[in-house]
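Following: one structure in structure tokens, then a few remarks.
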Amino acid sequence: MTSALQRVVVRAPGKINLSLMVGAVDSRGYHSLATVFQAVDLYETVTATRADDLSLQVTSDVPGELPLDGSNLVLRAAELLREECDLRLGAALHVHKQVPIAGGMGGGSADAAATLVALDRLWATGLDAERLRELGARLGADVPFAMLGHTALGSGNGTDLTTVLTHGEWTWLLAVPGGHLSTPEVFRRFDEISHASGRPLAEHPVLDERQLQALSGGNIELLADTLHNDLQIAAFELHPGLEPVVEAAELLGAQAALVSGSGPTVAVLVEDEAQARSIAAGLMRDSLVQTCLVARGSAPGASVLEES
């Protein structure tokens, strides 16, 4: 089947981890995880236009540099889809970024998710959503969730997903302190800290069931009480600017704050946008962060905005 489409625009959301429990390493070398993902309405927008070759351009609303070579997840996603479907087709790919770069919010994964969905349409590969998520999982553990969106439990290495029903509105202040944290480095430091403590890691880590109750009941106080990230202590050690941001946000009246994923973005749970802006002003005044972004939780996953 050949597509008549010339251009497809797809957006996919960034994410935060409301819980991230890290367990033992499996036979493939991956940590077992139990996590609650929540998509936020900061989006990566990929425009795919029919072309002879693959090319990539990026414009960004957030600071930071990205590689434009074959190591970029957008081009890796395109190459993977071509290989999987035995295609020789090309596309000019453009990414508009809103998600903090290398911030623990899955921006690169959202890029890959949006690219797979866009090129599936442009090239008429005919793959269903489940197959696209399987391909996405080969690019990164957060890619399938960027396709699914909203709020979900992740198990295994984070790619086995179960949708979580939520009620109410969730508002987040995303505090970006600057600097960079490497995900493998954060996991390595976590392993060192765990080994030094003598505490064995669970083979199958378990989430706090109260968090699911908080989400389904729209209970912000209970959600605040259950936010947790096993990687946070490692992130604090590797990035000394992080702990002061978490402490200051809570002193300024936040319900709770935690490092998102492997960091360094700090996700601050707030009552509403007014409180978010008040806390942001305090963090900026004290020069604790480079920038702050306000976002709504449980945003939809990868979706087609335009095609022509």
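No value in this document is a laboratory result; all are computed from the given coordinates. All figures in this text were calculated on a predicted structure; none of them were measured in a lab. Virtual Cβ from ideal backbone geometry, glycine too; neighbours counted across all protein chains shown.
Note down the nm distance, to one decimal, between modelled labels 7 Å out along Cα→Cβ at GLU192 and at ASP41.
Going from the GLU192 label point to the ASP41 one covers 4.2 nm.
Can you tell me the Rg and the Dmax, both Å, for the Cα atoms in the stretch 180-256?
Values for the stretch 180-256 (Cα only, Rg and Dmax): 14.9, 39 Å.
With r as the distance between the Cβ atoms of ASP52 and GLU250 and R0 = 51 Å, compute the FRET efficiency 1/(1 + (r/R0)^6) and round to 0.05.
Working from the Cβ atoms, E equals 0.40.
Just to confirm the filter: which GluC sites (Glu not before Pro) across the stretch 1-100 are DSSP coil and have at most 14 other Cβ within 10 angstrom of their Cβ?
GLU65
Which values, in whole Å and largest first, are the semi-axes of the equivalent ellipsoid of the stretch 63-217 obtained as the square root of 5 times each eigenvalue of the Cα gyration tensor?
Three semi-axes, in Å: 30, 21, 18.
By how many nm would the segment from GLN213 to ASP160 lengthen if fully extended, with 0.36 nm per residue of separation less the alpha-carbon distance?
17.0 nm
Kirkwood-based Rg over Rh for the stretch 41-82 (C-alpha set), two decimals?
Dividing the radius of gyration by the Kirkwood radius yields 0.96.
Using a cut-off of 12 Å between beta-carbons, work out the net charge of the residues near THR59 (Lys and Arg +1, Asp and Glu -1, THR59 not included).
Around THR59, the surrounding residues sum to -1.
Based on the alpha carbons, how large is the Rg to Rh ratio for the stretch 247-308 when Rh follows Kirkwood?
So for the stretch 247-308, dividing Rg by the Kirkwood Rh gives 1.09.
Given a Förster distance of 30 Å, report the FRET efficiency between GLU203 and HIS180 from their Cβ-Cβ distance, rounded to the nearest 0.05.
0.45
Can you give the FRET efficiency to the nearest 0.05 for HIS96 and ASP225, using r as the Cβ-Cβ distance and R₀ = 41 Å?
0.65
For GLU83 paired with ARG7, estimate the spin-label separation in nm (one decimal), with each label point 7 Å from Cα along the Cα-to-Cβ line.
Using points 7 Å along Cα→Cβ, the separation is 3.1 nm.
So how long is each side of the chain along the principal axes, counting just the alpha-carbon atoms, biggest first, in Å?
Taking max minus min along each principal axis of the Cα atoms, the chain gives 56, 44, 36 Å.
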